[in-house]
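K.L.:
Quick one: structure below, then a few questions.
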Amino acid sequence: MEDTGASRGRGSDPSKKDGGMDTVLTRDVLTCLPAPPVSIEAPLAHALAKRPPADGVDRISRLPVEALRNIVSRLPARDAARTTVLSTRWRRIWHSVPLVLVDAHLIWFAEIIRLLGHDADPRDYRTPPLHLTAAVSGALDAHPGPFRCVYITGSDMVMHDVGTARWFQILAAKGVQELVFVNRNQKQMDVNVHRLLPPTLFKCTSLTRLYLGFWRFPETATLPRSAAFPYLREVGLCSLIMKEQDLAFLLDRCPVLEKLIMVGCKWPVCLRIQSRSLRCVQMSYSIVTEITTVHASLLERLLLWEVWGEGGRVNMTSKIKFGHAPKLRVLGMLVPGMHKLHIGNTIIKDDTKASPNTIVPSVQVLALQVRLGTRTEARMVPSFLRCFPNVEILYIQSEDDDFKIWGPESGGKVSLKFWEKAGPIECIQRHIKKLVIRIFQGKKGELNFLKFIAEHARVLEKMEIVLHPQSLPLNEVDAKVRTFMASAKWANGCCELTVSPYQAHICTIVLNNHLKLAVSMDVLTRKCFACMGLVSPLCTDLNAIMLWLYHNMSSATKFAERVKEFVFANLAAKHDADVHLPATIFRCTALTKLYIASWWFPDTADLPRATAFPYMQELGLCNLIMKEQDLAFMLDRCPVLEKLMISRSRWPVCVRIQSHSLRCVQVCTGIVPEVTVVNASRLERLFLWEAWGGGDLAHMSSKVKIGHAPKLRFLGFLVPGMHQLEIGNIVIKAKTKASPDTTVPSVQMLGVHVKLGTRIEAGMLPSFLRCFPNVKTLYVQSENDDDKFWGPHSSGIGKLNPKFWKEAGPIECIQRHIKKLVLREFRGKRSELDFLKFIAEHAQVLEEMVVVMTHGYLPSDQVGAKLRTVMASAKWANGSCRMMVLKSPFDQEGNAWCYIRGFNFSEDPFDVSKCRVGKCEGHY
């Protein structure tokens with residue numbers, strides 16, 4: 001969900017968003033809840049299920065009882081309960097393990113269909129599933145306790161008052177330690193549906209963590225004086241109706257409380273922090289008339305967001321009073337002009353001078369939310385900053401000067417002279433090392449403030465500017481800021497200035513019969529919020545699904561304008577269906593990373609010329625039906641694209657690389673008749689794997705053309721005989737001689753995929769190697785000579801004889817530059833041995849020769865012994881070269897390269913020695 005600060009910055013009222021305040025408030029509450037300690041995802045179990053033991057022995061059941069209890073304790077409740085029927089050894093394990101119950105794990109398949117099926121409104125994620133309360137009751141009754149964690153967030157308790165009271169009796173009797181209890185009702189804003197929380201809550205004295213949501217807190221006046229939570233360390237009060245005296249009673253009865261969070265409080269709160277244990281207090285979206293730190297000797301963090309008084313838009317001021325808080329390090333967001341700041345007994349005004357009685361010297365990180373171009377707010381900023389003289393990191397949430405939501409009129413604009421007249425501010429002059437200004441719009445008031453900071457902050461090391469979600473393209477704003485700041489006389493000439501786009505949402509979507517949605521909220525102010533749903537198999541309107549995603553973000557344009565990283569994969573059983581990717585994807589103009597899989601790409605001919613992804617840096621096109629002109633359109637509309645992956649293309653695609661930004665291109669397992677590097681001044685890596693032409697098996701050749709690529713360092717895997725290599729305008733043939741027009745001198749790491757005993761392929765290898773004279777590391781993926789997959793048969797042309805390599809002539813990279821050779825999938829064939837011997841006798845600077853056996857062979861068997869015998873007879877050009885013979889790390893034919901490492905410019909992409917199951921799944 002978008003933070004309200006950004007919403008106000010655009011001039012929109014958060015109370016009028018799609019879905020109303022019920023949706024907004026419910027989402028705010030859910031985002032603040034701690035994550036459950038167990039998950040329904042089980043990738044490890046899934047991987048083990050694919051590889052059952054060959055002898056059929058159940059070794060897990062033979063583990064000690066304590067190990068089995070540890071295993072069961074990490075399972076969701078319904079799965080843990082099912083272990084009781086595995087065998088007699090497992091029968092009592094679940095009952096002896098502290099229960100972890102998450103009600104969302106009890107939602108059955110039929111209930112999810114009813115909730116988010118074809119006939120349901122997908123935005124109505126608040127509707128509690130049927131019979132969920134009965135399922136929770138059954139689980140609480142079945143387990144003898146103790147209860148480690150009970151996480152109830154999906155039940156509507158309006159009709160279950162008696163059941164709720166009984167639940168608390170069970171929880172108290174069975175020693176619950178962590179409790180999250182949210183009453184999910186469709187009308188959360190209606191205080192009349194807030195049920196009274198049973199007073200039996202206070203019998204749960206074993207609690208260490210407690211989160212409550214959408215309840216009416218019980219009257220504490222009638223409770224016994226001995227009522228207390230002696231072990232409670234963390235409390236979350238979310239959208240409660242709670243009186244001031246009841247809040248004070250609760251805090252007073254938690255002697256070891258360390259963390260307090262209050263969200264969406266509907267009753268005016270006057271919070272008095274008087275505790276010797278509290279370390280962190282967070283408050284957001286609440287009516288708070290006063291916050292006072294009376295005596296908080298351990299308090300380190302006080303975090304406020306959208307905290308206002310009860311006077312309405314005319315007077316939303318609230319008081320923030322600081323008494324004794326000697327360890328307070330992190331404070332914010334304070335709102336100058338809205339928050340009335342008190343230090344000790346002194347009220348801070350715009351003309352207040354710094355003195356020992358008006359400062360909080362412990363604060364090192366401070367955050368302010370302010371309209372920098374509005375005098376009524378900006379005039380309080382200097383006084384606020386003087387109160388915290390030792391601040392080292394300052395965050396500024398810049399608000400829109402033109403938007404009026406509260407308080408008196410602006411009273412005039414703010415010029416640079418205003419800041420110059422503010423006088424010395426100690427934290428700016430002597431201590432601030434980092435300044436971050438967010439929701440930056442490039443207004444004059446913002447620029448003046450930045451210039452003032454730059455000219456007075458002597459120890460400032462970094463100034464970071466985060467743009468408004470709807471600001472101009474990054475390069476335009478960056479140029480505007482740098483032009484303006486160039487006129488500043490920086491107090492520290494070594495300060496770093498950065499301008500970056502707004503960090504919004506990260507979405508991962510997998511679509512088949514199930515739709516799984518995980519949304520990470522604004523990373524600057526939100527924790528992770530995850531929900532699960534189902535799209536009916538009958539639902540084929542994918543534009544409706546996209547609109548569902550938009551509406552889940554509260555408005556139809558918010559998702560498109562702010563989503564930053566998007567993965568959208570259609571994992572339906574039949575990929576040959578005519579399933580078109582919605583053209584609405586082009587509205588997501590803030591994207592920096594996009595991966596789409598198993599779609600029919602939309603026709604771009606009808607799109608407006610202005611369509612673009614101005615921030616896109618990484619693009620993955622996987623298993624698409626995509627025309628060549630659409631690919632060209634896509635690449636042309638990504639001006640800062642650095643990483644491109646095309647995988648399993650189902651339509652013949654000619655890839656033309658003409659870009660000033662691309663640094664890495666990976667093309668694998670697809671119909672690619674041609675890959676042409678036209679003009680790629682920054683291209684460093686070009687990876688190809690099983691990229692063949694569109695003909696039949698006898699004519700699968702494809703063209704690889706290399707034009708202008710002065711920084712190309714990594715290239716592979718080229719397939720001599722299948723790939724027709726062209727350097728510039730020259731086609732490389734078997735007898736092509738090396739010349740400046742036929743070489744790519746920048747390449748330092750090369751991979752080739754070749755049958756070394758087949759003349760039609762190995763015959764091209766010397767010519768290929770001559771094209772890359774400065775190669776230092778050579779990877780050879782050896783193919784089985786007996787396998788026939790493509791092209792003409794080799795029998796008519798003949799096998800290679802040992803003299804072939806001796807007659808090949810000089811090859812510069814082998815003689816002068818190659819320091820490391822890796823030959824993989826070694827089978828001990830004569831052709832492989834001849835090639836290795838040729839390299840050993842001609843590579844004058846070779847330092848390391850690595851031979852990796854194919855699966856099924858070991859370095860200690862006859863093939864390994866044969867290799868060592870042959871290589872011992874070689875006259876090594878470099879007697880200091882080290883030879884290593886290794887077992888294959890894979891259980892089947894080895895992998896060529898790791899695409900994850902391919903996109904990591906600091907790693908060797910061809911080194912797949914660590915790409916084993918469970919460690920890395922990014923290999924091909």
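The values are calculated or read from the model by the stated rules, or taken from the named source; none is laboratory data. This is a predicted model, so every value here is computed, not measured. Cβ sites come from the backbone with ideal geometry, for glycine too, and all protein chains shown count toward neighbours. Please note that ligands, DNA and RNA were not included when accessible areas were found on the heavy atoms of the full protein model with its side chains. Shrake-Rupley method; radii C 1.70, N 1.55, O 1.52, S 1.80 Å.
Yes or no, residue by residue, for (1) open to solvent by less than 40 Å² (accessible area, probe 1.4 Å); (2) closer than 26 Å to Leu846 by Cβ:
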| site | (1), (2) |
| --- | --- |
| Phe687 | yes, yes |
| Gly721 | yes, yes |
| Gln724 | no, no |
| Asn729 | no, no |
| Ala738 | no, yes |
| Thr743 | yes, yes |
| Lys755 | yes, yes |
| Met764 | yes, yes |
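K.L.:
Show me the strands (runs of 3 or more DSSP E) found entirely inside segment 561-662 where at least 1 residues are touching a Ser or Thr at 6+ places or on another chain (Cβ under 6 Å) and of a type in the set (D, E, K, R).
P.N.:
Hits in segment 561-662: 563-570, 654-659.
K.L.:
Moving to a separate point now. May I ask you to verify whether Val775 is in contact with a Cys (Cβ under 6 Å, 6 or more places away or on another chain) and open to solvent by less than 10 Å² (accessible area, probe 1.4 Å)?
P.N.:
Yes; evaluated as a whole, the condition is true for this residue.
K.L.:
Also, quick follow-up: For segment 466-486, what are the residues that are modelled with pLDDT of 75 or more and either under 16 Å from Ser398 (Cα atoms) or part of a loop (DSSP other than H, G, I, E, B) (or both)?
P.N.:
Residues satisfying the conditions are Val466, Leu467, His468, Val477, Val481, Ala486.
K.L.:
For segment 585-605, which residues satisfy the criterion of being touching a helix residue (DSSP H, G or I) at 6+ places or on another chain (Cβ under 8 Å) and more than 15 Å from Asn570 (Cβ to Cβ)?
P.N.:
Listed by number, the residues that qualify are Arg587, Cys588, Thr589, Ala590, Asp603, Thr604, Ala605.
K.L.:
Kindly indicate which of Arg209, Arg184 is surrounded by 21 or more Cβ atoms within 10 Å (Cβ to Cβ) and at negative phi.
P.N.:
Values: Arg209 fails: surrounded by 21 or more Cβ atoms within 10 Å (Cβ to Cβ).
So the residue among Arg209, Arg184 that is surrounded by 21 or more Cβ atoms within 10 Å (Cβ to Cβ) and at negative phi is Arg184.
K.L.:
To continue, here is another question. Considering every residue within segment 234-241, establish whether at least one is farther than 25 Å from His324 by Cα and more than 34 Å from the chain's Cα centre (by Cα).
P.N.:
Yes: segment 234-241 contains one or more residues that are farther than 25 Å from His324 by Cα and more than 34 Å from the chain's Cα centre (by Cα).
K.L.:
Check whether at least one residue in segment 263-276 is farther than 14 Å from Lys327 by Cα, assigned to a strand (DSSP E or B) and of a type in the set (Phe, Trp, Tyr), and report yes or no.
P.N.:
no
K.L.:
Restricting the search to segment 284-302, which residues are under 37 Å from the mean Cα position of the chain (by Cα) and either open to solvent by 50 Å² or more (accessible area, probe 1.4 Å) or free of Cβ contacts under 8 Å to residues at least 24 places away in the same chain (or both)?
P.N.:
Correct list: Ile287, Leu298, Glu300, Arg301.
K.L.:
Please determine whether any residue of segment 151-162 is under 19 Å from Phe202 (Cα atoms) and at pLDDT 70 or above.
P.N.:
Taking every residue of segment 151-162 in turn, at least one turns out to be under 19 Å from Phe202 (Cα atoms) and at pLDDT 70 or above.
K.L.:
Output the residue which, of all residues in segment 549-598 that are basic (Lys, Arg) and either closer than 24 Å to Pro614 by Cβ or modelled with pLDDT of 80 or more (or both), is surrounded by the fewest Cβ atoms within 10 Å (Cβ to Cβ).
P.N.:
Result: Lys593.
K.L.:
Is there a residue being small (Gly, Ala, Ser), at pLDDT 60 or above, under 30 Å from Met283 (Cβ atoms) and assigned to a loop (DSSP other than H, G, I, E, B) anywhere in segment 37-60?
P.N.:
There is at least one residue in segment 37-60 that is small (Gly, Ala, Ser), at pLDDT 60 or above, under 30 Å from Met283 (Cβ atoms) and assigned to a loop (DSSP other than H, G, I, E, B).
K.L.:
Another question about this same structure. Are any residues in segment 803-853 β-branched (Val, Ile, Thr) and out of contact with any Phe, Trp or Tyr (no Cβ under 6 Å at 6 or more places or on another chain), and if so, which ones?
P.N.:
Ile811, Ile814, Ile818, Ile839, Val845, Val850, Val852
K.L.:
Specify the residue that is farthest from the chain's Cα centre (by Cα); the eligible residues are those in segment 382-399 that are in a loop (DSSP other than H, G, I, E, B) and buried (at least 21 other Cβ atoms within 10 Å of the Cβ).
P.N.:
Looking at the filtered set, the residue picked out is Cys387.
K.L.:
Considering only residues that are among the basic types (Lys, Arg) and closer than 21 Å to Trp689 by Cβ, look in segment 611-666 and name the one that is most open to solvent (accessible area, probe 1.4 Å).
P.N.:
Out of the qualifying residues, it is Arg656.
K.L.:
Here's a follow-up. Can you confirm whether Glu847 is under 44 Å from the mean Cα position of the chain (by Cα) and closer than 20 Å to Arg816 by Cβ?
P.N.:
On the way: under 44 Å from the mean Cα position of the chain (by Cα): yes; closer than 20 Å to Arg816 by Cβ: yes.
It is true that Glu847 is under 44 Å from the mean Cα position of the chain (by Cα) and closer than 20 Å to Arg816 by Cβ.
K.L.:
I've got another one for you. Yes or no: Lys433 among the charged types (D, E, K, R) and over 21 Å from Arg371 (Cα atoms)? Reasoning before the result, please.
P.N.:
On the way: among the charged types (D, E, K, R): yes; over 21 Å from Arg371 (Cα atoms): yes.
Spelling it out, Lys433 is indeed among the charged types (D, E, K, R) and over 21 Å from Arg371 (Cα atoms).
K.L.:
Tell me yes or no: at least one residue of segment 223-243 is surrounded by 19 or more Cβ atoms within 10 Å (Cβ to Cβ) and among the polar types (S, T, N, Q).
P.N.:
Taking every residue of segment 223-243 in turn, at least one turns out to be surrounded by 19 or more Cβ atoms within 10 Å (Cβ to Cβ) and among the polar types (S, T, N, Q).
K.L.:
Out of segment 342-363, which residues are over 42 Å from the mean Cα position of the chain (by Cα) and open to solvent by 50 Å² or more (accessible area, probe 1.4 Å)?
P.N.:
Residues satisfying the conditions are Asn345, Ile347, Lys349, Asp350, Asp351, Lys353, Ala354, Pro356, Asn357.
K.L.:
If you don't mind, another one. Confirm whether Val414 is at pLDDT 90 or above and surrounded by 15 or more Cβ atoms within 10 Å (Cβ to Cβ). Write out each step before concluding.
P.N.:
Values: at pLDDT 90 or above: no; surrounded by 15 or more Cβ atoms within 10 Å (Cβ to Cβ): yes.
Here the answer is no, as Val414 does not meet what is asked.
K.L.:
Sticking with this one: Go through segment 812-828 and count every residue that is at pLDDT below 90 and either on the phi < 0 side of the Ramachandran plot or charged (D, E, K, R) (or both).
P.N.:
4
K.L.:
Right, next: If we scan segment 702-714, do we find a residue that is of a type in the set (S, T, N, Q), over 23 Å from Phe826 (Cβ atoms) and either open to solvent by 10 Å² or more (accessible area, probe 1.4 Å) or over 41 Å from the mean Cα position of the chain (by Cα) (or both)?
P.N.:
Filtering segment 702-714 for residues of a type in the set (S, T, N, Q) gives 702.
Now restrict to residues that are over 23 Å from Phe826 (Cβ atoms): 702.
Still in the list and also either open to solvent by 10 Å² or more (accessible area, probe 1.4 Å) or over 41 Å from the mean Cα position of the chain (by Cα) (or both): none.
No, segment 702-714 contains no residue that is of a type in the set (S, T, N, Q), over 23 Å from Phe826 (Cβ atoms) and either open to solvent by 10 Å² or more (accessible area, probe 1.4 Å) or over 41 Å from the mean Cα position of the chain (by Cα) (or both).
K.L.:
Another question, then. What's the number of the only condition in (1) in a loop (DSSP other than H, G, I, E, B); (2) within 26 Å of Gly707 (Cα to Cα) that Val677 fails to meet?
P.N.:
Condition (1) is where Val677 drops out.
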